[in-house]
Amino acid sequence: MNLPIKQLKKEPGMAFPFSGQIELPPIAHGGTVMAQGSRVTFHGRAVYQGGKVHLTLALKAEVERECSRCLAHFTQTVEKEEEITLREEHEVRLEDDDFTYPDEAEEVAIEPYLQSLILSALGPKPLCAPDCRGLCPSCGVNLNEEEHHPDCPALRPEVDPRLAQLLDLL
């Protein structure tokens, strides 16, 4: 979906409502895939005023993620509502925290702003469940689904070699 910037500039102060549903591709941040994909329902309104586009944007997204402990795929629901200010690229100063759009653009795609809002709502370490036990570092099984293999080194207590002689006294 695109916002009609040219039309908004012709009618300053006039609210332009919009809504829709889209599927977003994977969202990566800092070399890590934060979301495998997202189904997003959104609505909002755009107003051009004072040389800026003011967006009020609300979204609900079903985000496919991978657990950081057990690597299982799960769906996380994200709901977010935020006001965003868009400026033309040439008007942005370093101290501004606004989003930008290309100078003289007639339309601007809304997907990057939706992705940014979803990314801001996601935690850096996704968990499929708060009590996720993860993968065993020795035998590799998913401890949420099965127990350690019988010969797993993790089942054998490690004894500090400096204290091993004390075990003979017990």
Relative to the compact-globule estimate 2.2 N^0.38 Å (N residues), the Cα gyration radius of the stretch 2-121 stands at a ratio of 1.17
Which of S38, S120, S138 fluctuates most in a GNM of the chain (C-alpha springs under 10 Å)? That residue is S138
Comparing A154, A72, A35 in a Gaussian network model of the chain (Cα, 10 Å), the one with the largest mean-square fluctuation is A154
Kindly provide the helix-only [θ] at 222 nm of the chain, computed as the sum of -39,500 (n - 2.57) over DSSP H runs of four or more divided by all residues, to the nearest 500 deg cm²/dmol?
-> -3500 deg cm²/dmol
In nm, spacing of pseudo-spin labels at L119 and V33 (7 Å Cα→C-beta vector) | 1.6 nm
Provide the net charge surrounding G13, with neighbours chosen by a C-beta distance below 13 Å and charges set as Lys +1, Arg +1, Asp -1, Glu -1.
-> +3
Which entries in K10/K60; K6/K80; K6/K52 show an alpha-carbon gap greater than 19 Å?
-> K10/K60; K6/K80
Which aspartates and glutamates, on any chain, are close to K9 with Cα under 17 Å apart, when same-chain ones fewer than 8 places away are left out?
-> E88, E89, E91, D103, E104, E106, E107
Candidates V47, V33, V159; GNM for the chain (alpha-carbon contacts under 10 Å) flags as most fluctuating V159
Where does the charge balance sit around R39 when Lys and Arg score +1, Asp and Glu -1, over other residues with C-beta under 10 Å from its C-beta?
-> -2
Using alpha carbons only, how many degrees (0 to 90, rounded to 10) separate the axis of helix 111-121 from the longest principal axis of the chain?
-> 40 degrees
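No value in this document is a laboratory result; all are computed from the given coordinates. Computed from a predicted structure; not experimentally measured. No Cβ is skipped: glycine too gets one built from the backbone with ideal geometry, and neighbour counts run over all protein chains shown.
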